[in-house]
Amino acid sequence: MNTVTAATHVTIEPSILYFGTPVVLLSTENPDGTFNLAPMSSAWALGNVIVLGLGAEGQTARNLMSRPDVVINLPAPHQWAAVERLASLTGRHPVPASKPAGCRYEPDKFGAAGLRPSPSETVRPPRVAECPIQFEARAERVGHDVSGSFVIAEAVVGKVHANPRLVVPGTHHVDPGAWSPLIYNFRHYFGLGPELGHSYRSQTPRTR
Ligand SMILES: Cc1cc2nc3c(=O)[nH]c(=O)nc-3n(C[C@H](O)[C@H](O)[C@H](O)COP(=O)(O)O)c2cc1C
C-alpha cells in the first residue's frame, strides 16, 4: 500500500462543528401554557426516536424537562428566512447571561417568525402550519450531556403529518425526490443538490 506523503490536510480549530444537519423548529409548552418555538439543527433519527441536542439554558430545554410534549417541525429550504427571524430570540425571561449578544426575549415566537400555529392531534404544543413535515412526539428521556452545558432529549414520535405532495401515492413513504430538508452548514443555510444515488434499503428507488 502507498503512503500519502503530500500535506493533504491542515489542522484547524474551528469555533463550531456544525457540519450540515437538517433544521427543525421545536414547539414546546411554556410554564404559563403559551407555546415556544425554537430552531435547532442537532437532531437525528433512531427508528421512531428523534434525538435532540439543546442548550441547557434555553427555554426549550427547560420546557422539555417539565412538559415533554413537543412537535418537531421540518421547514423547507425556502423557509430559511423565517427560521433566521427566530435565531436571536429566546422564550426565556430574563435572557440568561450565557445567550449570545443581541439575543432578546420574545413571548410570541410564531408571530415574530410570521408562522401560523395549527392544532396538534396528540400533544399540546401546536404544529407549524407552513412546515411540510411535522412529527408529534414526547420527550421520554431528558438529561444533561457530558459537558453539562447541553441537554439531550429522546423524543418518541407518535404521529407524522406530511404534505400530500411529498408522499408517494398509495404508500406511507416520503418521496425523497420531492422533499428537501433545510440544511444548517457551518451556520449557513442550504438545500439539497440533485440526487446522487440511493441506499440498497430504499423503498422508493427512482433509478435502477
Ligand atoms: C439554524 C439554527 C440551528 C440551531 N441549532 C441549535 C441546536 O441544535 N441546539 C440548540 O440548543 N440551539 C440551536 N440554535 C440556537 C437556538 O435556536 C437559540 O438558542 C434560541 O434562542 C433558543 O430559543 P429558546 O431559548 O426559546 O429555546 C440554532 C439556531 C439556528 C438559527
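The values are calculated or read from the model by the stated rules, or taken from the named source; none is laboratory data. A quick note: this is a predicted structure, and the numbers were derived from the prediction, not measured. Cβ atoms come from the backbone with ideal geometry, glycine included; neighbour counts cover every protein chain shown.
When Gly148, Gly114 are checked against the criterion of being closer than 18 Å to Val23 by Cα and more than 8 Å from the ligand (Cβ to nearest atom), Gly114 stands alone in meeting it. Pairs meeting the criteria (first residue in region 1-30 and at positive phi, second residue part of a loop (DSSP other than H, G, I, E, B) and surrounded by 10 or more Cβ atoms within 10 Å (Cβ to Cβ), beta carbons under 9 Å, at least 6 apart or on different chains) are Gly20/Ser41; Gly20/Phe186. For region 95-133, the tally of residues that are over 19 Å from Asn63 (Cα atoms), in contact (Cβ under 8 Å) with a residue 24 or more places away in the chain and of a type outside the set (A, V, I, L, M) stands at 5. Here the condition is being surrounded by 12 or more Cβ atoms within 10 Å (Cβ to Cβ) and assigned to a loop (DSSP other than H, G, I, E, B); of Leu196, Leu192, it holds for Leu192 alone. Here the condition is being modelled with pLDDT of 95 or more, on the phi > 0 side of the Ramachandran plot and not aromatic (Phe, Trp, Tyr); of Gly191, Gly170, it holds for Gly170 alone.
Checking the condition within 24 Å of Ser180 (Cα to Cα) and out of contact with any Pro (no Cβ under 7 Å at 6 or more places or on another chain), which residue from Pro77, Pro126 passes? Testing whether each residue is within 24 Å of Ser180 (Cα to Cα) and out of contact with any Pro (no Cβ under 7 Å at 6 or more places or on another chain) leaves just Pro77. The condition of being surrounded by fewer than 16 Cβ atoms within 10 Å (Cβ to Cβ) and in a loop (DSSP other than H, G, I, E, B) holds for only one of Ala101, Ala45, Ala81, that being Ala101. Please indicate, with yes or no, whether at least one residue in region 176-186 is of a type in the set (Phe, Trp, Tyr), over 21 Å from Ala43 (Cα atoms) and either surrounded by fewer than 17 Cβ atoms within 10 Å (Cβ to Cβ) or within 16 Å of the ligand (Cβ to nearest atom) (or both). So far as region 176-186 goes, no, none of its residues is of a type in the set (Phe, Trp, Tyr), over 21 Å from Ala43 (Cα atoms) and either surrounded by fewer than 17 Cβ atoms within 10 Å (Cβ to Cβ) or within 16 Å of the ligand (Cβ to nearest atom) (or both).
In region 130-137, the condition of being part of a loop (DSSP other than H, G, I, E, B), within 11 Å of the ligand (Cβ to nearest atom) and closer than 24 Å to His161 by Cβ is met by no residue. The condition (being in contact with a helix residue (DSSP H, G or I) (Cβ under 6 Å, 6 or more places away or on another chain), within 11 Å of the ligand (Cβ to nearest atom) and modelled with pLDDT of 95 or more) is satisfied by just one residue among Arg85, Arg62: Arg85.
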